[in-house]
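Visitor: Questions regarding the structure given below will be posed in turn.
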Amino acid sequence: DTTTTIRTANTTTDEIPNLTKINNRRKKWELIGKHSHLYFFGPLLIGTLIGMTTAKSIQKWYKYLNKPTWNPPNFVFPVAWTVLYLLMGYASYRVYETLNQNGSGSPFKHIALVLYFIQLLLNFIWSPLFFLLEKPVVALFEIVFLWAFLIWTGVEFGHVDSVAGYLFIPYFLWVSFATALNAWIWKHNDDTKIEPTLPIISKEGNVSGHLLIPQRR
């Protein structure tokens with residue numbers, strides 16, 4: 001009995017550092033989880049800042065590109081992205097909370113959240129490629145990778161939390177639309193150097209050509 005008691009005491013003593021380490025980790029992730037507003041507004045804040053840097057290019061370059069008839073008005077884009085960033089932020093929060101409650105180690109090491117941050121980075125990179133560098137073809141290749149990663153992320157989110165997976169559907173539809181629009185603009189504009197132009201209207205009211213607008217570089 002004495003030997004058994006000593007072994008039990010030793011085992012308990014050996015387990016104390018591990019239990020303390022686990023509890024410290026859990027407290028750290030719980031502290032992060034309390035700042036749920038970071039999940040909701042973090043992507044939106046970064047996306048807004050990037051949008052502010054590209055706003056001038058929209059007026060001086062994108063405005064004069066050849067665009068399809070199904071191209072939406074410019075005001076639609078910030079409204080759509082605001083909703084989508086909030087939806088994906090909420091989805092990521094649900095996934096984080098589910099993983100944290102399962103107690104399976106750091107949630108940020110789970111494939112679902114790793115993919116989430118990868119696709120989020122690809123999301124942020126697209127606007128500078130398209131608007132600041134004025135490279136639709138480069139942006140097209142990049143958005144294809146984004147499209148693939150967001151599908152993968154949505155599937156992994158669905159495995160963790162079904163609601164989070166469904167919240168990625170509007171995001172998937174919008175990026176699919178943006179990819180098609182990106183491809184159309186690349187195909188119907190000069191790939192090497194797209195310059196803004198103004199349509200030349202004939203007396204009959206038809207577009208007879210385009211006038212190149214000199215740009216200050």
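The values are calculated or read from the model by the stated rules, or taken from the named source; none is laboratory data. What you are looking at is a predicted structure, and each value in this text was computed from that prediction instead of being measured. Note that we place each Cβ from the backbone using ideal geometry, even for glycine, and neighbour counts take in every protein chain shown. All accessible areas refer to the heavy atoms of the entire protein, side chains included, with ligands and DNA or RNA removed. Shrake-Rupley method; radii C 1.70, N 1.55, O 1.52, S 1.80 Å.
Visitor: Take segment 127-155 and flag every residue that is in contact with a Leu (Cβ under 7 Å, 6 or more places away or on another chain) and either modelled with pLDDT of 95 or more or of a type in the set (Gly, Ala, Ser) (or both).
Guide: Answer for segment 127-155, where residues must be in contact with a Leu (Cβ under 7 Å, 6 or more places away or on another chain) and either modelled with pLDDT of 95 or more or of a type in the set (Gly, Ala, Ser) (or both): Val138, Ala139, Glu142, Phe145, Leu146, Phe149, Trp152, Thr153.
Visitor: Only one residue in Val155, Val160 is β-branched (Val, Ile, Thr) and open to solvent by 40 Å² or more (accessible area, probe 1.4 Å). Which one?
Guide: Among Val155, Val160, only Val155 is β-branched (Val, Ile, Thr) and open to solvent by 40 Å² or more (accessible area, probe 1.4 Å).
Visitor: Please pick out the residue among Phe149, Phe130, Phe157, Phe117 that is assigned to a helix (DSSP H, G or I), within 18 Å of the chain's Cα centre (by Cα) and within 17 Å of Trp184 (Cα to Cα).
Guide: Answer to the selection: Phe130.
Visitor: Oh, and also: What are the pairs with Cβ atoms under 9 angstrom where one residue, in segment 85-97, is under 14 Å from Gly158 (Cβ atoms) and of a type in the set (S, T, N, Q) and the other, located anywhere, is open to solvent by less than 20 Å² (accessible area, probe 1.4 Å) and assigned to a helix (DSSP H, G or I)? Sequence gap at least six, or different chains.
Guide: Here the result reads Ser92/Pro43; Ser92/Ala112; Ser92/Leu113; Ser92/Tyr116; Ser92/Leu120; Ser92/Phe157; Ser92/Ala164, each pair linking segment 85-97 to a residue that is open to solvent by less than 20 Å² (accessible area, probe 1.4 Å) and assigned to a helix (DSSP H, G or I).
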